[in-house]
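> Just passing along the structure, written as structure tokens.
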Amino acid sequence: MLLAAVAVLAGCSESKRYSRLADYATVVIGTEGEDALLDGISDNGKEVLNLYRFAAMEVDKIYWKQAFGDKAAIDSLDNGPFKDYAMINYGPWDRLTGKSFLRGYVLHMPEGMCFYPEYMSDEEFQACDDPDKYSPYTVIRRDEEGNLKAVWYHDEYAEHIEKICRYLRAAADITIVPSVREYLDAKAKALETDDYMESEEKWLNMDDSRMDLVIGPNENKDDHRFGIKRSYSAYVVLKDVKLTDRIGKFVDMIGSMQESLPCKSEYKTFIPGGKSTLFVCDALYYSGEANAAIKDMAINLPFDTAVQAELGTRTILMKNVISAKFHHIVYPMGQFMLGDADRDLVDHDAFFWNVAFREIAHGLGVKTTVEGAEVGEVLGNYAGVIEEAKALILGVFFTNQMIHLIETKDIVTSKNAFATFLASTLRASRFGNTEVVGQGNLICYNYLKAQGAFQRHNNGTYSINWDKVDSAVNALASELLEIQALGDYQRAKEFVKTYTEIDSELDADRHNVRLELIPADIKFTFAW
């Protein structure tokens, strides 16, 4: 990737400069009200958490290299809004639009980021005979003769991996929790070898610690070229023990949830592993891909479908991040965009459950096609967006299914769930159609609108057609699951193209919301 030695923001007015930063509400994480989240953590535990944070900071350095290259070009910018916005986006490309906001860089964010060489053609990649090129844990580079070769992450980022592993092993030496020690030792070994199976199992077994560190190259949503390479990220979190125990019963229902999917029986042969867990946590620190632009409210890992089948998954709900997004964005969006009959239905608890079941849905559904191939392999660069849309729509599908089993059933209704989902989908239209999260939400918006689940009025507000909601939700879920089950690349391509368009009405909505100063997402200030 060609990087300019000196970069300045493309010409724009002072108001436009600051409007970019206004798209992100500043949220302090690491404290909760007047009581610090670290209250009750022993001195030993705090030392372990500090080592987690040091490891996460090294992850951030790796991700800069994956997303941009040499961070020095951004560090050299004058302090101010230009540099601040580049730091939010991990480079000169606005992740809400996919376009550069700094002079000296290509207009559009490279599809393969820095995972692949500049000017590499698809034909050249396919002709490369290095068997490791398809590994999610290699980058593609050129040798001295200019030929392509695969380089393992642990070699490409050796300096940072060495430091991360040193921090992890130091934490393992001082922790008093045996399962944490086993996980940290296994994770360090995994980072050094890019073999993660053992560490995934140790992580899923580590359910007796209030503290958690999720670290490594986990998801492939940054690789828009082939959908192969995974980005480094890190999350340092503290478990909310009481709330985790309260909602833990849904883990026991994962099998029945898989069976209830709205699709043909031959499409739901996947059996989730028996070690699945569901945690509610407060986030202390994000780094790497996790901290780039749009912040995760929840995660569902491991990402590997083979591990999901053998062991299961862990869903982590970031309670403080979910609340921040609801109060700063989703609730104001509902009040502004929904009509009088529906706006009061937008509800914090409904938002929480929609997010919870969306993440659970990532661990369910179709993992292999009816022909036995991995869905991610056959759908290629469209696998991520189809999976994102599937999880989003199944989130509201499962919430409606489970609504009467939730202790808050007298407060949260199916109407709360869908009205809140619509408000959240409208706010996510701000993410545009260049990133997986934005594309997934646009698919939900456009498909459900076409099915008549809601309609937009001339005054710019939306009303929900309640007699059509359930059928529209089921239809979208069914179609996405079928695309995955059949492994139909061409159908996936056409579906994504059709339903990720931003028409003039939605574009006007996005403009009006921005004028209303409702942020698109949040950025963190770390109090810890």
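> Working only within segment 152-185, note down all residues that are among the small types (Gly, Ala, Ser), over 19 Å from Cys114 (Cβ atoms) and surrounded by fewer than 21 Cβ atoms within 10 Å (Cβ to Cβ).
Ala170, Ala172, Ser179
> Now for a separate question. Any residue in segment 358-383 that is in contact (Cβ under 8 Å) with a residue 60 or more places away in the chain sitting within a Cβ distance under 9 Å of a residue that is crowded, with 19+ Cβ neighbours inside 10 Å and among the acidic types (Asp, Glu)? List the pairs, counting only those 6 or more apart or interchain.
Sorted first by the residue in segment 358-383, then by its partner, the pairs are His362/Glu387; His362/Glu388; Gly365/Glu387; Val375/Glu387; Gly376/Glu387; Leu379/Glu387; Asn381/Asp223.
> Still on this structure, please answer the following. Among the residues that make up segment 276-294, is at least one of them at pLDDT below 95, at negative phi and in a helix (DSSP H, G or I)?
no
> Please list, ordered by first then second residue, the pairs with beta carbon atoms under 8 Å, 6 or more apart or interchain, first in segment 84-104 and without any contact (Cβ under 8 Å) to a residue 24 or more places away in the chain and under 15 Å from Asp23 (Cα atoms), second of a type in the set (A, V, I, L, M, F, W, C) and in a strand (DSSP E or B).
Ala86/Leu102
> Sticking with this structure for a sec: Here is a list of conditions, (1) out of contact with any helix residue (DSSP H, G or I) (no Cβ under 6 Å at 6 or more places or on another chain); (2) under 19 Å from Ser478 (Cβ atoms); (3) at pLDDT 90 or above, and Leu364 meets all of them except one; can you say which number that is?
Status for Leu364: all satisfied but (1).
> Still on this structure: Restricting attention to segment 439-454, which residues are of a type outside the set (Gly, Ala, Ser) and either assigned to a helix (DSSP H, G or I) or touching a strand residue (DSSP E or B) at 6+ places or on another chain (Cβ under 6 Å) (or both)?
Gln439, Asn441, Leu442, Ile443, Cys444, Tyr445, Asn446, Tyr447, Leu448, Lys449, Phe454
> Sticking with this one: Against the conditions (1) over 30 Å from Leu486 (Cβ atoms); (2) in contact (Cβ under 8 Å) with a residue 60 or more places away in the chain, where does Phe326 fall short? Just the number, please.
Of everything listed in (1) over 30 Å from Leu486 (Cβ atoms); (2) in contact (Cβ under 8 Å) with a residue 60 or more places away in the chain, Phe326 misses just condition (2).
> So, one more: For segment 324-435, please list each of the helices (runs of 4 or more DSSP H) lying entirely inside it that holds at least 3 residues being among the aromatic types (Phe, Trp, Tyr).
In segment 324-435, 348-362 are the helices (runs of 4 or more DSSP H) which contain 3 or more residues that are among the aromatic types (Phe, Trp, Tyr).
> Given the condition of a type in the set (Gly, Ala, Ser) and either farther than 27 Å from Ile518 by Cα or surrounded by 24 or more Cβ atoms within 10 Å (Cβ to Cβ) (or both), answer yes or no: does some residue in segment 315-332 qualify?
To start, the set of residues in segment 315-332 that are of a type in the set (Gly, Ala, Ser) comprises 323-324.
Going one step further and asking which of them are either farther than 27 Å from Ile518 by Cα or surrounded by 24 or more Cβ atoms within 10 Å (Cβ to Cβ) (or both), we end up with none.
Within segment 315-332, none of the residues are of a type in the set (Gly, Ala, Ser) and either farther than 27 Å from Ile518 by Cα or surrounded by 24 or more Cβ atoms within 10 Å (Cβ to Cβ) (or both).
> Give the residue, chosen from Asp208, Asp222, that is surrounded by 22 or more Cβ atoms within 10 Å (Cβ to Cβ) and assigned to a loop (DSSP other than H, G, I, E, B).
Answer to the check: Asp222.
> In addition: Being more than 30 Å from Trp93 (Cα to Cα), modelled with pLDDT under 90 and over 21 Å from the mean Cα position of the chain (by Cα) narrows it down to one residue among Leu311, Leu261; which is it? Working first, answer last.
Working: Leu261 fails: modelled with pLDDT under 90.
Just a single option satisfies the conditions, and that option is Leu311.
The values are calculated or read from the model by the stated rules, or taken from the named source; none is laboratory data. Note that the structure is a prediction, hence the values are computed from the model and not measured. Because the Cβ atoms are built from the backbone with ideal geometry, glycine has one as well, and the counts that use them run over all protein chains shown.
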